[in-house]
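These notes concern the structure reproduced below.
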Amino acid sequence: MTYGPTDHLSPDDVDAFLEGRLDGARREHLHDCALCREFARLERGVVDQLAALPPLAPSPEFPEQVMARVRVADPFALRALATARRRLLGERSAGLAAMIALTLLGSLASIVWTLTHQAVLLGAAHWLGAESYAVLWVGVRTVASNLIEQPWYTDARRLFTSPARLALTSAAASLLYVTGVLTLRRLLAVPAQRVAHAAI
Amino acid sequence: MAESRPPLAAATDLEIVARARAGEEAAYRELIRRYERPIFSLLFRMVRDRELAEDLAQETFVKALNAIESYRPEFKFSSWIFKIANNAAIDHLRRRELDTLSLDGSPHAETPEAIEATALQIGDRQETPLDAVESKELGGAIEAAIARLRPEYRSCILLRHVEGRAYEEIADILSLPLGTVKTYIHRARNELRVALAHLRE
């Protein structure tokens, strides 16, 4: 890439200069351009001052204070756990093979049982269907009879007696729903964050 | 058979973490020894209060060492612990809104003793009185200028030019895109250059 005499150093070029890896063409520009030379000198000054800042030490008690709150894993317990695991499962590959064999055996047994007991399965399905239907029907009847006995039932029913009323009721319900959703969205919106923050 | 292990001081961070996971207490102590100064320095320069920085550093180490089992070796241990420390500092700054702080000590210090105790202590190196005055003046000025930076600029500039971390590692520590990290560092250097201009005149 060729640069003109007014192509001053970019921030990346300044980084390269500070790290001593500025390429030939840019170095030449730096040599010829007093403006960039002065800028690079000032940047170098800031970086040198930062690098010269001494490391700061916490109090001498710091390591002990930390260690008092750290849970060091008990090596004997860890060893005992590893031994128990080895005894129980053997080697990892043997454990894996046993698990696969068990799964295959279980699946095979399930298929065989299903094929030889189709009548039992059909009977059970029929019984389950009939029972579910009965329970559902009783539930619907209970809810319906409870509703009809409510004092507000007759008034509420009038809302659906004509197409115009039905449309009006639907519109009001939709409006209420949309208002509710918008209010919830506003309440649950995440506030804008000014500071970038890393999470572990 | 007795297992021969290299001395902890010569081991890599990863080897030390593995030994800590195996329950070797000395490995925990070695991790503290390696990182107490960089972590404390970063936190002190972020919050400008010795006592608070020490509390945050303690919180950082306790959190990291108690969760050593969940550390993933594909990341650098230094990135992981700096990330925890930076989170602790940023959380604190958010809570207290201490974006700009006093160079001379904790803003919460009420007595001269407390101010002295929480003030920045620079230079445990051997210095002549003249060196000490000059270093205090220059160091003081740059420390003050760092304290005036926005917290996210402060984290970036400290990690890059004081702790010597690579741009990529800083992006990893702060969970920011690489371009954003570069921009923050360039802006922070600009602000520091302007803030230190009076010393050059």
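Taking every C-alpha pair closer than 8 Å and separated by at least 6 residues, the mean separation divided by the residue count of the stretch B:148-201 gives a relative contact order of 40 percent. Could you give the Stokes-Einstein D for the stretch B:1-86 in µm² per second, using the C-alpha Kirkwood radius, 20 °C, 1.002 mPa s? D = 158 µm²/s. Per residue, the average separation of C-alpha pairs within less than 8 Å and at least 6 apart gives the stretch B:11-98 a relative contact order of 30 percent. Entry note, chain A: the mean residue ellipticity at 222 nm calculated from DSSP H runs of n ≥ 4, each adding -39500 (n - 2.57), is -24500 deg cm²/dmol after division by the residues and rounding to the nearest 500. Inter-chain neighbour count for A:57-69: the average number of beta-carbon atoms from partner chains within 10 Å of each residue's beta-carbon is 6. When you restrict to C-alpha pairs under 8 Å that are six or more residues apart and normalise by the size of chain A, the relative contact order lands at 8 percent. Sequentially through the stretch B:146-154, phi angles give Karplus couplings (6.51, -1.76, 1.60; θ = phi - 60°) of 4, 4, 8, 6, 5, x, 6, 5, 4 Hz, Gly and Pro residues having no value and appearing as x. Taking amide H as placed 1.01 Å from N in the peptide plane, residue B:165 has its amide H under 5 Å from the amide H of B:160, each at least 5 places away in sequence or on another chain.
Place the peptides A:68-81, A:109-122 in order of packing, highest mean first, counting for every residue the other Cβ atoms within 10 Å and averaging per peptide. Working shown, then result.
On the way: A:68-81: 12.4, A:109-122: 10.1.
Final packing ranking: A:68-81, A:109-122.
Screening chain A for whole DSSP H helices of 27 Å or more along their axis (Cα) with average Kyte-Doolittle hydropathy at least -0.5 returns A:92-116, A:118-148, A:163-188.
Projected onto its three principal axes, the C-alpha set of chain A covers 94, 72, 51 Å, listed from the longest axis down.
A simple packing score, the average count of other Cβ atoms within 10 Å per residue, orders the peptides A:124-134, B:31-41 as B:31-41, A:124-134, with the highest score first.
What order, most packed first, do the peptides A:96-102, A:148-154, B:142-148 have when packing is the mean number of other Cβ atoms within 10 Å of each residue? Intermediate values should be presented prior to the final figure.
Values: A:96-102: 10.9, A:148-154: 8.9, B:142-148: 19.4.
With the highest mean Cβ count within 10 Å placed first, the list reads B:142-148, A:96-102, A:148-154.
Ranking B:158, B:177, B:192 by how far each Cα lies toward the positive end of the dipole of the stretch B:148-201 (charges on Cβ) leaves B:192 at the top. In order along the stretch B:178-184, the Karplus-derived 3J(HN,Hα) couplings, from 6.51 cos²θ - 1.76 cosθ + 1.60 at θ = phi - 60°, round to 4, x, 5, 4, 4, 4, 4 Hz, and Gly and Pro are given as x.
Mean per-residue shielding of peptide A:40-51 is 5, counting Cβ atoms of other chains within 10 Å of each Cβ. Counting Cβ atoms of other protein chains within 10 Å of each Cβ in B:58-64 and taking the mean gives 4. Look at the dipole of chain A built from charges on Cβ: of A:42, A:151, A:181, the Cα furthest out on the positive end belongs to A:151.
Can you compute the charge dipole magnitude of the stretch B:11-98 about its Cα centre, using +1 on each Lys and Arg Cβ and -1 on each Asp and Glu Cβ, nothing else charged? Give it in debye, rounded to the nearest 20. Mind showing how you got there, number by number?
Values: 16 positive and 15 negative charges, 56 e Å.
Value, rounded to 20: 260 debye.
Can you give the charge dipole size of the stretch B:148-201 about its Cα centre, rounded to the nearest 20 debye, using +1 on the beta carbon of Lys and Arg and -1 on the beta carbon of Asp and Glu?
For this selection, approximately 260 debye.
Phi angles of the stretch B:161-169 translate, via the Karplus equation with coefficients 6.51, -1.76, 1.60 and θ = phi - 60°, into HN-Hα couplings of 9, 9, 8, x, 7, 6, 3, 5, 5 Hz per residue; Gly and Pro are given as x. Assuming charge only on the beta carbon of Lys and Arg (+1) and of Asp and Glu (-1), the dipole of the stretch A:11-51 about its Cα centre is about 140 debye to the nearest 20. For residue A:73, the residues whose amide H sits under 5 Å from its own are B:23, ignoring neighbours fewer than 5 places away on the same chain, with H placed 1.01 Å from N.
Bear in mind these aren't lab numbers, they're just calculated from the coordinates by the rules spelled out. The shown structure was predicted, so the numbers you read here are calculated from the model rather than taken from an experiment. A quick note on method: Cβ atoms are made from the backbone with ideal geometry, for glycine too, and the neighbour counts reach across all protein chains shown.
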